[in-house]
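*Asks:* Dumping the structure here so I can ask a few things about it.
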């Protein structure tokens, strides 16, 4: 019995993820087909079937002349109108083909237009009801619209042996364009690199106020979707002093909350210093090696660390001794939280011995079957808490958080963070304007991707089909919250509009193209020609669907394994 309970518990999250993904996708399909249905009824065209999904019918009902049903495969849907298929046309009134060209175009365009209008509505709602950090990053990543971020896209760390360094990129370079396309957001550049394995990229960067042209060829890194490009550079960010502990060396040196640290010992700083797990343990991550080198360089000047500070319009140079302390970060509903540890606590001793960030994990993991006394400092007041490790497994992942307790190392009493601008706030009117702007940027982003696909710059292996979209939708809900999920649904709705308007014979855009040809010729295309074009297109689209779905499935399996 216990086995089945464990099995159900392990499978339930995936079932929940599938349901959460199918519901919004099914809704987008529903409103698309509802647009066709409403327009057909308005134009006096008989509708035989309104179906959500393809394949065998799961359930449905008949009302008037129309059968309404839900089919087995929830990856699409259709409205089947009388006389829509060329082989079934008789010329009788009420058939799709018997309607005027204007009415037929109205019916066909109604589906994509509904998806477009719904996408605009969703974008408007997200902007007008307030953005959070996750949503602003997602919007920037999908559309290239920076929100609460600096406009300049800068290079941070550069691996010495990476493709970026070989191509001439340097820390502090400002990215201007890639292959002629402007770069407004780091994720746009990152996506272009990932999809350009082994292909030369022409980069325009700004260095010391002057434009510079560089050519970078991303290395090919194997993945389940084929080779992915990598140039081994990170996004640059300014370092702000988030908090200064009272009485610390940083406070004594005159450092204040909000100061920007622009250099350490005379070397410009383009990334926020991080001194966590990867610094203290062996790592194959090249960025960890950069942080290790910075940590070593700081320790070589422990008596007088020199910091270049920017405070408003002032530029300052301050000195202070190096003092490392361990700052707690606590997961919700964890053993550490129940013991009384809070975010920001300074951890001092463990079972009477001074805490060292380099060995803290090992010491926590080796104190089995006994309480752990931790002395800490909170707002200048000493406290002692007791951790009970009876709930921790001896098979705990070596990189997982023990007791729900994580930590970061504070440099001389400073907590550092990337500089971010306050998130913008919009009302109903300006929120609608931002929604329209995001819609336009979505169109341009999708159009650019289609152009790259046609030109062979991007492989269709990188596209996402229904499985990939469903997986992404589930991840949005689980990790980024409701606001991000809602925006992503709007993004998919606008994508459905664009894809359906492509001049592919079986798509809505293809039918509109046929109508244009009919208007020019003064008569419809020969019935046999329409049948052949549709049949060939269906075969090609099925093959393309299976191709994309294969890589979606492989990616999903790889995600589950990892």
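Laboratory data are not the source of any read-out in this text; all were calculated from the coordinates shown. Computed from a predicted model, the values in this text were never measured in an experiment. When we count neighbours, we look across all protein chains shown, and the Cβ atoms used for this are built from the backbone with ideal geometry, even at glycine.
*Asks:* Could you give the nm distance between label points at residue 27 and residue 386, where each point is 7 Å from its Cα heading toward the beta carbon?
*Replies:* Computed distance between label sites residue 27 and residue 386 equals 5.0 nm.
*Asks:* Along the Cα-to-C-beta direction of residue 527, a point sits 7 Å from the Cα; which residues of region 79-122 have their amide N less than 16 Å from that point?
*Replies:* The answer is 82-99.
*Asks:* Would you please give the FRET efficiency between residue 61 and residue 453, computed as 1/(1 + (r/R0)^6) with r the Cβ-Cβ distance and R0 = 30 Å, to the nearest 0.05?
*Replies:* 0.15
*Asks:* Give me the one-decimal nm value for the distance between modelled label points at residue 542 and residue 207, 7 Å along each residue's Cα-to-Cβ direction.
*Replies:* Here the modelled spin labels are 5.5 nm apart.
*Asks:* Give me 215, 61, 189 ranked fewest to most by other Cβ atoms within 10 Å of their Cβ, as a rough exposure proxy.
*Replies:* Lowest to highest Cβ neighbour count: 61, 215, 189.
*Asks:* Return P(r) of region 265-412 (all Cα-Cα pairs; 5 Å bins starting at 0; whole %; ordered from short to long distances).
*Replies:* Percent of pairs per bin, in order: 2, 8, 16, 19, 17, 14, 11, 7, 3, 1, 0, 0.
*Asks:* Still on this structure, I have one more. Which of (i) 30.0; (ii) 27.9; (iii) 27.1 is the computed Kirkwood radius over Cα pairs in Å for the structure on display?
*Replies:* (ii)
*Asks:* Highest mean first, how do 153-162, 120-129, 518-527 rank when packing is the count of other Cβ atoms within 10 Å averaged over residues?
*Replies:* So the order, starting with the most tightly packed, is 120-129, 153-162, 518-527.
*Asks:* Still on this structure: Could you give the nm distance between label points at residue 268 and residue 519, where each point is 7 Å from its Cα heading toward the beta carbon?
*Replies:* 5.5 nm
*Asks:* At a Förster distance of 35 Å, what's the computed FRET efficiency of residue 323 paired with residue 170, Cβ-Cβ distance as r, to 0.05?
*Replies:* Computed FRET efficiency for residue 323 and residue 170 comes out at 0.65.
*Asks:* For the Cα atoms of the chain, what angle does the longest principal axis make with the long axis of helix 286-299, in degrees from 0 to 90, nearest 10?
*Replies:* Between helix and principal axis, roughly 20 degrees.
*Asks:* When a/c reaches 1.5 or more, the comparison of a/b and b/c decides; with that in mind, is region 230-339 rounded, prolate or oblate per its Cα gyration tensor?
*Replies:* oblate
*Asks:* Less than 19 Å from a label point 7 Å out along the Cα-to-Cβ axis of residue 38: which backbone N atoms in region 495-529 qualify, by residue?
*Replies:* Inside the label zone: 495-498, 500-501, 508.
*Asks:* So, one more: Counting helices only, and only those DSSP H runs with n ≥ 4, report the 222 nm mean residue ellipticity of the chain as the sum of -39,500 (n - 2.57) divided by its residues, in deg cm²/dmol to the nearest 500.
*Replies:* -13500 deg cm²/dmol
*Asks:* Evaluate E = 1/(1 + (r/R0)^6) for residue 378 and residue 502, where r is the Cβ-Cβ distance and R0 equals 56 Å; express this FRET efficiency to the nearest 0.05.
*Replies:* 0.40
*Asks:* Just order 287-293, 77-83 by mean Cβ neighbour count inside 10 Å, highest at the front, would you?
*Replies:* Ranking the peptides 287-293, 77-83 by packing returns 77-83, 287-293.
*Asks:* Another question about this same structure. Output the peptides 531-542, 224-235 sorted from most to least packed, where packing is the average of other Cβ atoms within 10 Å over each peptide's residues.
*Replies:* 224-235, 531-542
*Asks:* Please determine, in degrees from 0 to 90 and to the nearest 10, the orientation of helix 508-521 with respect to the longest principal axis defined by the Cα atoms of the chain, where the helix direction is its Cα long axis.
*Replies:* Rounded to the nearest ten degrees, it is 40.
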